[in-house]
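One structure below.
The values are calculated or read from the model by the stated rules, or taken from the named source; none is laboratory data. As the structure is a prediction and not an experimental result, all values here were calculated from the model. We place every Cβ from the backbone using ideal geometry, glycine too, and count neighbours over all the protein chains shown.
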Ligand code: NAD
Ligand code: UDP
């Protein structure tokens, strides 16, 4: 990725989070200097354990809602800064909206000043509760702009709008990834998303919480596959003219996911059905034709295999399960990804 003899400096905003920390690791592996920028609102220092002493890694504690003036030229900006789990992004919805809008604007202006390439971590949430299935990039979505998810969904939509305005006016080279539900090691045990919740509950012998009747669907992508897709999108030339879906098209109901986790953990936990959150999308599955054509990318990790690695991470990292200590494996290498 970095040219031989000339390492690039890559900024990862949100680099202390679940996806950002894996991206920092991958960028270092590929010879880049990495500047991680994070406010630690949902990220944590354990995630940076594998990279914190690397000679090409540095960390800046900063809220991207404030303008940012790094002390060095930047070649690549990856904007992953934003809480991604519904309970976290809804805890301070105005800050979530500020992060999406002001944070993205600050980083886009930095990209313009540095002449850096810019990658925006957008989301399948821009499709809302979709009427079209599977979701292709041309679908403009069905989002409730007044509901509790709007701070995130509409914030990410506004961020995409700014990205494409910067692109149209020639102010920056931008790439937009619409990321579908991604899971894997380093999800926080209290993150609140379905994969981490259900695995932690199963390992602790607690009831598995299913919101609604569990018939809603999601398509779960393993983190190493997703990071590979983000890196390809950043480096592809010429840049795609529109957003690119990144996700695993294998679709499961939430109930199927729970049953798989019970089977894989050997847990005797029961299932507890709870009320469905407001505006919870009924189904979600990416059409990844554009990523296949433009990036020659598709996920390689079946759900059962990715869940096995995620269960192992939680078994090791949960203090009250066993074998405490954060996961340290290089996931991409273990999967033989480029
Ligand atoms: P995460 O919560 O683990 O990571 C987000 C990181 O951003 C955290 O380290 C947090 O401290 C940091 N952050 C948040 N607001 C900030 C601010 N104002 N200034 C500086 N840092 C800030 O979430 P994640 O799952 O790693 O998601 C990363 C990105 O990918 C997010 O932008 C999210 O919207 C996007 N995304 C993730 C998924 C997924 O399934 N994981 C799906 C779609 C989109
Ligand atoms: N969900 C669930 N139990 C949980 C957490 C989530 O049944 O403990 C459901 C949630 O209502 C949604 C799906 O699982 O239908 C995926 O939720 P998540 O928060 O992981 O992602 P998102 O809703 O953003 O796709």
Legend entry - residue 229 surrounded by fewer than 22 Cβ atoms within 10 Å (Cβ to Cβ) and either in a helix (DSSP H, G or I) or modelled with pLDDT of 95 or more (or both): no
Inset, instruction - Go through segment 288-338 and count every residue that is farther than 26 Å from residue 258 by Cα, in a helix (DSSP H, G or I) and modelled with pLDDT of 90 or more. - result: 7
Legend entry - Extreme residue, surrounded by the fewest Cβ atoms within 10 Å (Cβ to Cβ), among residues of segment 160-188 that are near ligand 1 (Cβ under 9 Å from one of its atoms) and not in a loop (DSSP other than H, G, I, E, B): 179
Inset, instruction - Could you check residue 214 against (1) away from ligand 1 (no atom under 12 Å from the Cβ); (2) touching a helix residue (DSSP H, G or I) at 6+ places or on another chain (Cβ under 9 Å); (3) over 30 Å from residue 146 (Cβ atoms) and say which number it fails? - result: (3)
Legend entry - Filter result for the condition that a residue is within 7 Å of ligand 1 (Cβ to nearest atom) and touching a strand residue (DSSP E or B) at 6+ places or on another chain (Cβ under 6 Å), over 123, 99: 123
Legend entry - Subset of segment 246-288 that is more than 14 Å from ligand 2 (Cβ to nearest atom) and under 20 Å from the mean Cα position of the chain (by Cα) - its residue that is surrounded by the most Cβ atoms within 10 Å (Cβ to Cβ): 246
Legend entry - Residues located in segment 106-133, provided they are more than 19 Å from residue 63 (Cα to Cα) and part of a strand (DSSP E or B): 117, 123, 128
Inset, instruction - Being surrounded by fewer than 21 Cβ atoms within 10 Å (Cβ to Cβ), closer than 16 Å to residue 145 by Cα and in contact (Cβ under 8 Å) with a residue 60 or more places away in the chain is the filter here, so list the residues in segment 98-133 that pass it. - result: 101, 129, 130
Inset, instruction - Could you check how many residues of segment 189-226 are more than 21 Å from residue 88 (Cβ to Cβ), within 13 Å of ligand 2 (Cβ to nearest atom) and assigned to a helix (DSSP H, G or I)? - result: 1
Inset, instruction - Could you check, for segment 215-224, whether at least one of its residues is under 24 Å from residue 25 (Cα atoms), surrounded by fewer than 23 Cβ atoms within 10 Å (Cβ to Cβ) and touching a residue at least 12 places away in the same chain (Cβ under 8 Å)? - result: no
Legend entry - Residue pairs meeting the criteria (Cβ under 9 Å; at least 6 apart or on separate chains; first more than 14 Å from ligand 1 (Cβ to nearest atom), in segment 279-304; second modelled with pLDDT under 95): 300/335; 300/336; 300/337; 301/335
Inset, instruction - Looking only at segment 51-74, decide whether some residue is within 20 Å of the chain's Cα centre (by Cα) and away from ligand 1 (no atom under 14 Å from the Cβ). - result: no
Inset, instruction - Quickly run through segment 305-321 and pick out the residues that are farther than 13 Å from residue 222 by Cα, touching a helix residue (DSSP H, G or I) at 6+ places or on another chain (Cβ under 8 Å) and more than 16 Å from ligand 1 (Cβ to nearest atom). - result: 315, 318, 320, 321
Legend entry - Of all residues in segment 232-247 being in a loop (DSSP other than H, G, I, E, B) and in contact with a strand residue (DSSP E or B) (Cβ under 7 Å, 6 or more places away or on another chain), the one that is nearest to residue 118 (Cα to Cα): 239
